[in-house]
Amino acid sequence: MAEIFVVEGDITQRPVDAIVNAANSSLLGGGGVDGAIHRAAGPELLEACRKLHGCPTGSAKATPGFRLPAKWIFHAVGPVWHGGASGEPELLAGCYRVCLQLAQEFGARSLAFPAISTGIYGYPKEEAASIAVREVLAGGGSMERVEFVCFDRATAEIYRKLLK
Ligand code: AR6
């Protein structure tokens, strides 16, 4: 089973094999962590993303990491929160599952996740974190290291409580 870490800070700087992006279905960039990843990885990333022709909500697609320390970026498309009865939990779980599958496919042994959907997309932070933790505990068996990278202390505390 993977060692699981809660890290406070900027995911673009994590020295792991792969980082996960919280993208939108166009995969053509945006704000939040997506904007930060595109800025840090460089313009080659947008060119690579164009060739992917988008991605459905609840899934993810891979590109190289370009100028990032990470070798790969898995661009996951989380659901927009509409109150929770529109399939949001299953779609969010799908993001984590597909990223763990991509990690296996690409031979990534260390993987860093942001709190997908909990910013601009409005997913309640506690509920999103419990799905993230559940899916990594269930599907992270072949990983060496999984990080939950939190931009703020309050989010990190939520993960720490869940992992106790
Ligand atoms: N490192 C780690 N976490 C970060 C960083 C960073 N550099 N920057 C923000 N976060 P969000 P979403 C946290 O809004 O809700 C974009 O426009 C942030 O505090 O980035 O999935 C996309 O193109 C929050 O906890 O993603 C989509 O259109 C978490 O990352 C849309 O936003 C996710 O917040 C996706 O919205």
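The values are calculated or read from the model by the stated rules, or taken from the named source; none is laboratory data. Quick caveat, the model's predicted, so the values are computed rather than measured. Only protein heavy atoms, including side chains, enter the accessible area calculation; ligands, DNA and RNA are left aside. Shrake-Rupley method; radii C 1.70, N 1.55, O 1.52, S 1.80 Å.
Surface analysis of the range 4-104 yields an accessible area of 43 Å² per residue, using protein heavy atoms and a 1.4 Å probe. With Cα atoms as the point set, the radius of gyration and Dmax of the range 3-163 evaluate to 14.0, 40 Å.
Please go through the residue pairs Lys61/Lys125; Lys125/Lys164; Lys51/Lys125 and name each one whose alpha carbons sit more than 26 Å apart in this structure.
Those over the limit are Lys51/Lys125.
Nonpolar atom fraction for the range 1-136, defined as the carbon and sulfur part of the 1.4 Å probe accessible area, stands at 53 percent.
The largest accessible area among Arg153, Arg97 belongs to the first residue in Arg153, Arg97, and the rest follow in falling order (1.4 Å probe, all chains). A full extension of the chain between Lys51 and Glu105 corresponds to an added length of 17.5 nm, given 0.36 nm per residue minus the alpha carbon distance. The GNM of the chain, with springs linking C-alpha atoms under 10 angstrom apart, assigns the highest mean-square fluctuation among Leu52, Leu68, Leu91 to Leu52. Assign one of three labels to the range 1-89, namely rounded, prolate or oblate, based on the Cα gyration tensor with a ≥ b ≥ c the square roots of its eigenvalues; rounded applies when a/c is under 1.5, prolate when it is not and a/b is larger than b/c, and oblate otherwise. Oblate, because a/c is 1.5 or more while a/b does not exceed b/c.
Take every DSSP beta bridge whose two residues both sit in the chain, then give the antiparallel share in percent to the nearest 5. Don't jump to the answer; show the numbers that get you there.
Values: 5 of 23 bridges.
Taking every DSSP beta bridge with both residues in the chain, the antiparallel ones total about 20 percent.
In this view, the solvent-accessible surface of Asp10, computed with a 1.4 Å probe and all protein chains in place, comes to about 60 Å².
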